[in-house]
Amino acid sequence: MTSFTTSRRGFLASSAALGALGMMPGLPGAAFAQSGATLRLRFDGDNDILDPGFMTGGTEIETQKQCLPFLAEYTTDNGTFSWQPTYFVEKLEQRDPTHIDFELKEGLVWTGGYGAVTAADVKYSYERMKDTDWSGYFEALDRVDVTGARTGTIVLNKPFAPFIMITLCHGPGAVLSEKAMKDVGEKFTTDFPAVCGPYLYDQTPGQRAVFTANPDWTGPKPAFERVEANIITEVKAAELAFEAGELDCTEIGADTLARYTANMPEGAEITVAGELQYMWLGMNTENPKLADKTVRRAIQHAVDVESILQGAYSGTTKQSYGIICPGLIGQRQQTRYYDHDPAKARELLAEAGISGLELTLRTLNNQERMLAAQIIQANLAGVGITVKVLPLDSGPFWEMGQESKGDTWQDLELWLMRFGTTPDPYEATQWFTSDQVGVWNWERWTSEEYDRLYQEGINETDPAKRHEIYVRMQEVMEETGAYVWINHEPETFVHRAEVVVNAAPSGELNYRRFGRA
């Protein structure tokens, strides 16, 4: 398996907002700039690499969705995530576990005089991805067979149940112009070699990105002729910009969601894209202080998750019972091996012969995590464990458990971790296999059963059987004693009531699918 880079994981587990500021009662200013022609949004930073093979993610994926063809896109049915063919295809069908047939829509053209979008472009784009930073998404791809100018078959080298959801719907599934790519040396940064989508793209670093109408676009006209994405690094600043009437839609933090739920600004609405974040308290099973599973089990029983949800997240997040998020196959509804029971925790510590235990809890230095850490600190103090909370900036935090980044992993004891995922349980489970010890499996346990189930979950196409596989994998994780499941944070957006928001379950906005109420 090919894992992501540090920057990729850093993006997927990006921190929530800092601080809490007062809310303005109304939404002054025009509903939309230029009488509705422009949609005003927020980017949290500049796009660095728009090449699908070498991007980080986030707003780079948002940008690709507006300017490049995709064969599939996310959809939601009664709270369960699924997929549907995009406008770019007449047909997208999985003929059997290893063959996906497609037919591109007629009349799609690349900018810059590069001609029609062809099946050869799909073949080039997907086979190229096998040698990029995102190669893990294409591990199951054998080849793409071109059967006509606009038709082809994606051939997998093994059954890979999440291929359409994980690969084709997400950023790595973008299609590029083969001719244009070869003209620019087969790699690019922030200038698309050719575009086929409703928008053209330009950015002024440090200020904004602008999407304008593509005159060569033959597909459905988007609801907004122009999109302006202002660079606003802090969520709180973006929230204030929305309240001041300067943005039409922006992501919000947990504390603001709680305030808006109690007192929604006039003319505003809330949209939750998904809850594909999973947060937990992790424990290093190889650290001498935590090597005894009985001690880890005591910590599991000592932590009051409900108090974290209320005290750190104002009751705006769902309690977690594992790494599989709401709306996905394999989500659990309860823990199996522990519950909040301080008396049981004290009993287990006595059984282990432990007293006066002192531990360090590392966390990202932001409001929600620090509050959660302080609540855990108080919980553990109640059973006789002294905890020192160590807040860290993003750089050292994301390196601390990786053996390739230094020796900090040897000193890890407790930490608060949050990963994000895409809408299939495969991606969430891949970080805890045996080969991830010292990479992203910072708890440092191995399990032959878990590794076997991981492969079975990839190959199994029956939803009911996949569900049981992923439930069991989470039981294996929990049984190690190395995890206290905490919550699933929602990707939440506030927007003007006139705007109909479309977002991937992982939170990337898709402006071409926005609408007007």
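Full extension of the chain between Asp131 and Ala116 gives 2.9 nm of extra length, using 0.36 nm per residue less the Cα-Cα distance.
The GluC sites (Glu not before Pro) found in the stretch 452-488 include none that occupy coil by DSSP while having at most 14 further C-beta atoms within 10 Å. Shape class of the chain from the alpha-carbon gyration tensor: oblate, with a/c at 1.5 or above and b/c at least as large as a/b.
Pull up the DSSP beta bridges for the chain and report the antiparallel fraction as a percent, rounded to 5.
The answer is about 80 percent antiparallel.
Would you work out what percent of the accessible area of the chain, with all protein chains in place, is carbon or sulfur (probe 1.4 Å)?
Numbers: 8900 of 19180 Å².
Solvent-exposed carbon and sulfur of the chain make up 46 percent of the total.
What FRET efficiency, computed as 1/(1 + (r/R0)^6) with R0 = 56 Å and r the Cβ-Cβ distance, is obtained for Ala352 and Arg143, rounded to the nearest 0.05? Working from the Cβ atoms, E equals 0.55. Under the rule a/c < 1.5 gives rounded, and otherwise a/b versus b/c splits prolate from oblate, where does the stretch 122-183 land using the Cα gyration tensor? Verdict is oblate for the stretch 122-183.
Working note: 222 nm ellipticity from helices only, DSSP H runs with n ≥ 4, each -39,500 (n - 2.57), summed and divided by the residues of the chain, gives -7500 deg cm²/dmol to the nearest 500.
Once ligands and nucleic acids are excluded and a 1.4 Å probe is used, how much of Ser506 is accessible, expressed in Å² to the nearest 10? Result for Ser506: roughly 20 Å² accessible.
For the chain, what is the charge dipole size about the Cα centre, in debye to the nearest 20, if Lys and Arg each add +1 at the Cβ and Asp and Glu each add -1 at the Cβ?
So the dipole magnitude of the chain works out to roughly 360 debye.
For the chain, with every protein chain kept in place, what is the accessible area per residue (1.4 Å probe, Å²)? I get 37 Å² per residue for this part.
For the stretch 72-169, applying the loop criterion from DSSP together with a ceiling of 16 other beta carbons within 10 Å to the GluC sites (Glu not before Pro) yields Glu106, Glu139.
Taking Cα atoms only, the orientation of helix 342-351 departs from the longest principal axis of the chain by about 60 degrees. Axis of helix 448-459 versus longest Cα principal axis of the chain: the two differ by about 20°, to the nearest ten degrees.
Here Ile299 sits with roughly 0 square angstrom of accessible surface, probe radius 1.4 Å.
Measuring against 21 Å, Cα to Cα, the residue pairs Lys123/Lys182; Lys123/Lys179; Lys236/Lys388; Lys158/Lys465 contain Lys236/Lys388 as the ones spanning a longer distance. Apply the a/c threshold of 1.5 to the C-alpha gyration tensor of the stretch 141-231 and tell me whether it is rounded, prolate or oblate. The shape class here is prolate.
The values are calculated or read from the model by the stated rules, or taken from the named source; none is laboratory data. Remember, predicted model here, so these are calculated numbers, not experimental data. Glycine also receives a Cβ, built like all others from the backbone with ideal geometry; neighbour counts cover every protein chain displayed. With ligands, DNA and RNA removed, areas are computed over all heavy atoms of the protein, side chains included. Shrake-Rupley method; radii C 1.70, N 1.55, O 1.52, S 1.80 Å.
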